[in-house]
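Peer 1: Starting off with a structure, shown below.
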Amino acid sequence: MLILLPPSETKRSGGEGPPLDAATLALPQLGPQRTAVIDALVALSADEQAAMKALKLSERQRGEVAVNAALRTAPTMPAVDRYTGVLFDALDAASLDAAARGWLGAHVMIHSAPFGPVSALDAIPAYRLAAGARLPGLAPLRRIWAEPVATAIAAEAPAFVLDLRSEAYVALGPLPPGVDSAYVRVVSAGPDGTVRALNHFNKRAKGELVRLLATDRPVIPSAGALREWADSAGLQLRPGAPGEMELVASM
């Protein structure tokens with residue numbers, strides 16, 4: 001099984017790893033796209049005002065321009081530790097043992113805007129770039145990433161893909177039809193059986209789901225196997241719209 005996670009806008013600074021080596025990232029066939037986006041982001045950062053405008057940064061976020069300028073020289077840390085926010089706080093990868101972290105590295109990819117999907121344990125620097133940003137002199141990120149990412153994931157030939165990304169990041173790498181997959185929507189169920197989509201709890205539920213998978217480390221070759229495991233783990237994971245599952249979360 002392959003799990004796709006969205007990134008987070010918030011990230012830890014610093015790190016103890018060496019500067020970014022894009023050649024070591026998962027899906028190495030995405031090297032040309034990574035180079036193009038990184039080069040454009042670093043070049044944009046040479047003009048602070050232009051960068052703030054292009055990235056829609058507030059005055060309080062001015063320091064993010066310098067973060068991007070240092071993208072190729074800054075220290076790195078594993079991607080799953082770099083990101084913060086509700087989903088990654090719920091996952092709490094730093095507290096997992098070596099076996100669980102190893103499982104994350106083998107089964108989880110985080111879909112970033114400058115690097116594309118990277119393994120949970122791939123070493124990346126801090127950065128500031130959202131899925132919808134437009135970099136001067138570069139095609140829209142969707143045009144850069146969508147087809148190469150879809151092809152690269154298909155080439156990995158995963159038995160089953162659990163897609164926990166936000167829709168903005170799905171657009172940067174839609175899964176090809178031949179890949180057995182399920183897109184997860186997090187909902188709450190009322191006493192009368194009606195469901196509604198969740199926002200904050202959506203992220204928390206996804207983080208908790210991935211943490212439980214990493215600690216249990218089940219073999220999941222299909223959507224049916226995932227639902228069977230979820231039942232045994234006390235989770236409500238049920239079929240939704242075609243190609244989707246609904247994760248019923250408690251609030």
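Peer 1: So for the chain: antiparallel DSSP bridges make up what percent, rounded to the nearest 5?
Peer 2: In the chain, approximately 50 percent of DSSP beta bridges are antiparallel ones.
Peer 1: Report the label-to-label distance for Ala233 and Ala23 in nanometres (one decimal), using points 7 Å from each Cα along the Cα→Cβ vector.
Peer 2: The answer from the label model is 3.7 nm.
Peer 1: Rg over Rh of region 16-141, using C-alpha atoms and the Kirkwood radius, what does it come to?
Peer 2: 0.98
Peer 1: Got the relative contact order for the chain handy, in percent, Cα pairs under 8 Å and 6 or more residues apart?
Peer 2: Relative contact order here is 25 percent.
Peer 1: Nearest 0.05, what FRET efficiency do Glu48 and Thr84 give at R0 = 25 Å with Cβ-Cβ as r?
Peer 2: The formula returns an efficiency of 0.50 here.
Peer 1: Quote to one decimal, in nm, the extra length available between Val219 and Glu156 on full extension: 0.36 nm per residue of separation minus the C-alpha distance between them.
Peer 2: Values: separation 63, 0.36 × 63 = 22.68 nm, distance 1.71 nm.
Gain on stretching Val219 to Glu156: 21.0 nm.
Peer 1: A further question on this structure: Can you give the Rg and Dmax of region 120-174 based on its C-alpha atoms, in angstrom?
Peer 2: Every Cα atom of region 120-174 included, Rg and Dmax give 12.8, 38 Å.
Peer 1: Among Asp231, Asp92, Asp39, whose mean-square fluctuation peaks in a Gaussian network model of the chain (Cα, cutoff 10 Å)?
Peer 2: Result for the chain, Cα springs under 10 Å: Asp231 fluctuates most.
Peer 1: For region 99-140, run through the trypsin sites (Lys or Arg not before Pro) and keep only the ones in DSSP coil with at most 15 other Cβ atoms within 10 Å of their Cβ.
Peer 2: For trypsin sites (Lys or Arg not before Pro) across region 99-140 that sit outside H, G, I, E and B with at most 15 neighbouring Cβ atoms in 10 Å, the list reads Arg134.
Peer 1: ³J(HN,Hα) across region 215-228 via Karplus (A = 6.51, B = -1.76, C = 1.60, θ = phi - 60°), whole Hz, x for Gly/Pro?
Peer 2: Values per residue, Gly and Pro as x: 7, 7, 6, x, 8, 10, x, 7, 4, x, 5, 5, 5, 5 Hz.
Peer 1: While we're looking at this one, here's another question. Spelling out what I want: for every residue of region 48-56, take phi, set θ = phi - 60°, compute 6.51 cos²θ - 1.76 cosθ + 1.60 (Karplus), and round to whole Hz; glycine and proline get x.
Peer 2: 4, 5, 5, 5, 4, 5, 5, 8, 6
Peer 1: Cα gyration tensor of region 48-96, axes a ≥ b ≥ c as square roots of the eigenvalues: rounded (a/c below 1.5), prolate (a/b > b/c) or oblate?
Peer 2: Here region 48-96 falls in the oblate category.
Peer 1: Using 10 Å bins from zero, what percent of all Cα-Cα pairs in the chain falls into each bin?
Peer 2: 7, 31, 36, 19, 6, 0
Peer 1: Residues of the chain: accessible area per residue at 1.4 Å, in Å²?
Peer 2: 45 Å²
The values are calculated or read from the model by the stated rules, or taken from the named source; none is laboratory data. Note that the structure is a prediction, hence the values are computed from the model and not measured. Note: ideal-geometry Cβ built from the backbone for every residue, glycine included; neighbour counts use all protein chains shown. Quick note on the areas: whole protein, heavy atoms, side chains included, nothing else; ligands and nucleic acids left out. Shrake-Rupley method; radii C 1.70, N 1.55, O 1.52, S 1.80 Å.
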